[in-house]
Amino acid sequence: MEIVKGLDHIALTVSSLEKSLPFYVDLLGFEELERHRLEGETISTMVGTPGVVMQVVRLKIPDGSNVALDLQQYVTPKGTISNARLGMANHSHFAFRVKDLTATYGRLKQKGAEFVSAPVAFGLEHGTVRVVFLKDPDGFILELVESPDE
């Protein structure tokens with residue numbers, strides 16, 4: 001029985017849209033699609049917290065897919081930064097494909113992006129995969145990956 005039919009969007013809670021938008025739009029190349037403010041009974045019921053006010057900016061992932069990235073800032077109650085780290089069961093990350101990881105790493109590093117390490121390579125059955133982790137303004141971990149089919 002098929003339940004999941006596809007991926008619609010990824011939502012990322014940020015402490016400040018003003019801080020996060022330049023990172024995702026200017027540095028990584030996402031495109032802003034829309035902004036909306038969510039408040040009232042429906043959003044409070046959905047997240048299981050009374051009195052929620054959330055500001056959301058929907059971004060287009062620059063890969064030609066219809067998957068969006070929603071940056072969401074909790075205005076009320078004010079969100080706090082999680083202490084989840086790589087290796088913890090409550091931590092997650094997502095990976096974005098890049099064409100040339102070495103060049104991308106160099107450009108982003110020059111622009112001040114904070115990386116966990118330099119890029120590494122894994123020899124897998126289907127070829128060599130190059131990856132690197134970097135942090136967004138709130139410390140959320142993103143992965144950049146160059147696959148042999150790129």
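Determine whether the stretch 66-88 contains at least one residue that is under 25 Å from V120 (Cβ atoms), surrounded by 12 or more Cβ atoms within 10 Å (Cβ to Cβ), free of Cβ contacts under 8 Å to residues at least 12 places away in the same chain and of a type outside the set (S, T, N, Q).
yes
Could you list, in sequence order, the residues of the stretch 1-26 that are open to solvent by 40 Å² or more (accessible area, probe 1.4 Å), in contact (Cβ under 8 Å) with a residue 40 or more places away in the chain and under 17 Å from E114 (Cα atoms)?
Residue satisfying the conditions is K19 alone.
Working only within the stretch 107-148, note down all residues that are open to solvent by less than 40 Å² (accessible area, probe 1.4 Å) and either over 18 Å from the mean Cα position of the chain (by Cα) or polar (S, T, N, Q) (or both). First the steps, then the outcome.
Step one: filter the stretch 107-148 for residues open to solvent by less than 40 Å² (accessible area, probe 1.4 Å), giving 108, 113, 115, 127, 129, 131-132, 134, 136, 138-139, 141-147.
Residues satisfying the conditions are G127, V129, S147.
Answer yes or no as to whether L101 is under 18 Å from L142 (Cβ atoms), modelled with pLDDT of 90 or more, open to solvent by less than 30 Å² (accessible area, probe 1.4 Å) and under 17 Å from the mean Cα position of the chain (by Cα).
Here the answer is no, as L101 does not meet what is asked.
Take the stretch 17-33 and flag every residue that is closer than 22 Å to V52 by Cα and either charged (D, E, K, R) or at pLDDT below 95 (or both).
E18, K19
Write out, first by first residue and then by second, each pair whose Cβ atoms fall under 8 Å of each other, whose residues are 6+ apart or on separate chains, and whose first residue, in the stretch 92-107, is without any contact (Cβ under 8 Å) to a residue 60 or more places away in the chain while the second is among the aromatic types (F, W, Y) and surrounded by 13 or more Cβ atoms within 10 Å (Cβ to Cβ).
Hits for this filter: H93/F133; H93/F140; Y105/F115.
The values are calculated or read from the model by the stated rules, or taken from the named source; none is laboratory data. Given the structure is predicted, the values throughout are model-derived calculations rather than measurements. So basically every Cβ, Gly included, is an ideal-geometry build from the backbone, and we count neighbours across all protein chains shown. Note: areas computed on protein heavy atoms with side chains; ligands, DNA, RNA excluded. Shrake-Rupley method; radii C 1.70, N 1.55, O 1.52, S 1.80 Å.
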